[in-house]
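Note sheet for the following structure.
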Amino acid sequence: MTMININIMKKAVMSALLIIFGVLMIGPAAAAQDIPLMACPPDTVAIQLIKYVDLTEAHRGDVLTYFIRVYNGSSLTSGNIIVHDYIPEFADYVNGSANFQAVYDGTGDWLTWNLPPLDAYQMHLLRFQVRVEDDAPIGSLVVNIANQTSPHESTSNPVETIIIPDELPSLLTVAKTVDRRLADVGDTLLYTIKILNSGLTDFENIIIHDTIPVYTEYVLGTADGDATFDPAGPVLIWNIASLAAGQEISFTFRVVINDGNAAGNEIRNFADIIAPIVYRSNPAITLVEMPDP
């Protein structure tokens, strides 16, 4: 096989993966735009910025995590890459949250990344966090766009988060965490579920459901707390006889990322209280890295 054919196949594979990433992973605000990969003329370096945010709805005080894929869609190695990102209105930068030694300018309220060159069809993954201001107007949009000034000028797709009002707190709540924010196909994830009774009376006959997320498989026997696994769901079920006022209990289980299609996608997992009330946890999110071409 000639080197030209190898490069063509390599580019086709990466393009397919990026298209999947653009539609499935960037999030509702960005994916609705059906972001295409840029067409790169021969012997021309073309860097594309693709952006997404982990929350499309947020409360005052919530922390948003932004990701920027910096993709070299050409057959040439780029020069040094400079990316800027203004901190959006109604939000404050979380100090130290940006990777790749980004520099934060507090006067201009923006981040700058000076990135090393990218080989053909390679990527950098940038990330940073902001906190929604306590006095942000309800119903407002937190809009963010990344900009590139070198080796050429371009902008990313915009991503939006709407600020929603705080709800009256439930007295019985469930929260979810995962031990890995970034993972590869084949890795194992550990989920933790915490159920809290913040009321003044006991709750009885509590039922918790946790559906095994796409791209993963439950590791049999890893769920504690006398969980029942229903492979038809697939879902884990916990029946809690009673939870005293002020008491908190936790359960854990593991899944393995066993689907090659997970690369470049988010794995989202929730826990749900089914009875005696209905309540859904926060999402526990893991980003599956794309393999080296």
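Any read-out appearing in this document is the output of simple, stated calculations on the displayed coordinates, not a laboratory observation. Note that the structure is predicted; figures quoted are calculated from it, not measured. Because the Cβ atoms are built from the backbone with ideal geometry, glycine has one as well, and the counts that use them run over all protein chains shown.
Starting from 0.36 nm per residue, how many nanometres of slack lie between Thr56 and Lys194 once their C-alpha separation is accounted for?
Values: separation 138, 0.36 × 138 = 49.68 nm, distance 2.37 nm.
Full extension of this stretch gives 47.3 nm more.
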Self-check item: Those trypsin sites (Lys or Arg not before Pro) in the range 164-247 that DSSP places in a loop and that have at most 13 other beta carbons within 10 Å
Solution: Arg181
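Which of the peptides 142-153, 224-235 is most tightly packed, and how do the rest follow, going by the mean number of other Cβ atoms within 10 Å of each residue?
Details: 142-153: 17.2, 224-235: 12.8.
Final packing ranking: 142-153, 224-235.
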Exercise. Quote the FRET efficiency, to the nearest 0.05, computed for Leu172 versus Val94 with a Förster distance R0 of 30 Å and r equal to the Cβ-Cβ distance.
Key: 0.50
Practice problem: Any chance you could check the Cα centroid distance between the range 82-151 and the range 172-247 for me, in angstrom? | Solution: 34
Practice problem: May I have the extent of the alpha carbons of the range 109-192 along their three principal axes, as whole Å values ordered from largest to smallest? | Solution: 53, 40, 19
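Given 0.36 nm per residue, what is the gain on full extension from Thr155 to Leu182 after removing their alpha carbon distance, in nm?
Details: separation 27, 0.36 × 27 = 9.72 nm, distance 2.52 nm.
7.2 nm is the gain from fully extending Thr155 to Leu182.
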Exercise. For Leu125, put the label point 7 Å out on the Cα→Cβ axis and report which residues of the range 77-101 keep their amide N under 16 Å from it.
Key: 98-101
Self-check item: Label point distance in nm, Ile207-Thr77, each placed 7 Å from Cα along Cα→Cβ
Solution: 6.1
Self-check item: Amide proton proximity set for Phe128, modelled H, under 5 Å, gap of 5+
Solution: Tyr66
Quiz item: Considering amide H positions built from the backbone, and no H for Pro or chain starts, which residues 5 or more places from Ala120, or on another chain, come under 5 Å of its amide H?
Solution: Thr77
Quiz prompt | the range 41-161: radius of gyration over Cα atoms, expressed as a fraction of 2.2 N^0.38 Å | solution = 1.11
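If we sort 46-52, 205-211 on the protection proxy, mean other Cβ atoms within 10 Å, highest first, what's the order? Spell out each step's value before the answer.
Values: 46-52: 22.1, 205-211: 17.7.
Ranking, from highest mean packing down: 46-52, 205-211.
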